[in-house]
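Values quoted throughout were computed directly from the atomic coordinates according to the rules given, and no laboratory measurement underlies them. Source: prediction; values computed, not measured. Backbone-built Cβ (ideal geometry, glycine too); neighbour counts: all protein chains shown.
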């Protein structure tokens, strides 16, 4: 478990490239037969990846020492989206088969967590967000067909994309965690532009579906003090509530967004006009 402390917007103005990457970029999310976890003290989100190949990956009770609880999800909920081969997930007495681009919500209080790949030659890659929770909701699988889709943008502005909302109130109840997947159409490179902030929630973007020579220039910072981080395939960026979060790629890509904070109102955003960005 890597721990990341909160950071003030005034401090961010002083950081160079390496400083920004150290504070906000999560690079090595998937390691064979392991789970990686990064604990951000910004709204207490935990971001990670699980990649079982030829053996199961389990969350041991000892993980609770990082959260001050008897076991990891005693006071937390977890959402994951699979970007790899088919997975089998055991959550206490329930077993779920999770295919590519399918999601799983795991409710607060779940003790046993075990993750395996159906085919070791095509291992699962389970990207997850985990947040504090006050009550238990049922664990549930969500297919992409069950997600709430919304297509936005236009080819003329290079941002034609479809947003699949997996963990939102219209689909299933959670305590505070929201997650979804945004897929850009071929030839489109921009996401979330014009940009916005939301002081009530933080957000994490996880970029994938990119080749080795591709990159996304992720825009962050206060609207009048913008910075950028170069992001490559299967890397994530932590975005504080005061920061914009937007990106442009060298090709089309897909990203998973996850939010935690005061509410789950998807359209609770403070839009920033293009003329105000500096």
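Below are the figures for this structure:
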| item | result |
| --- | --- |
| Virtual spin-label span in nm between residue 22 and residue 92, 7 Å along Cα→Cβ | 4.2 nm |
| Pairwise FRET efficiency - residue 135 versus residue 112, Cβ, R0 = 22 Å, nearest 0.05 | 0.65 |
| Normalised per residue, the volume of the convex hull around the Cα set of the stretch 175-278 (Å³) | 93 Å³ |
| Residues 266, 30, 115 arranged by fewest to most Cβ contacts within 10 Å | 266, 30, 115 |
| Residue 146 versus residue 268: modelled label distance in nm, points set 7 Å from Cα along the beta carbon direction | 2.5 nm |
| Interatomic Cα distance distribution for the chain, bins of 5 angstrom, percent | 1, 6, 13, 17, 21, 18, 13, 8, 3, 1, 0 |
| Length-normalised contact order for the stretch 2-276 - Cα pairs under 8 Å, 6+ apart - percent | 17 percent |
| Ranked 277, 50, criterion: other C-beta atoms within 10 Å, fewest first | 277, 50 |
| Cα centroid separation - the stretch 162-217 against the stretch 1-66, whole Å | 18 Å |
| P(r), alpha carbons of the stretch 133-221 - 5 Å bins starting at zero, rounded % | 3, 10, 19, 21, 20, 15, 8, 3, 1, 0 |
| Over the stretch 46-147, relative contact order from alpha-carbon pairs under 8 Å, at least 6 apart, % | 37 percent |
| Segment residue 3-residue 55, length gained on full extension (0.36 nm per residue, minus Cα span) | 16.0 nm |
| Ranked 174, 162, 135, criterion: other C-beta atoms within 10 Å, fewest first | 135, 162, 174 |
| Two-site label geometry, residue 157 and residue 31: point separation in nm, points 7 Å out along Cα→Cβ | 4.2 nm |
| Spin-label zone in the stretch 55-89 - amide nitrogen under 19 Å from a point set 7 Å from the Cα of residue 122 along the C-beta vector | 55, 81-89 |
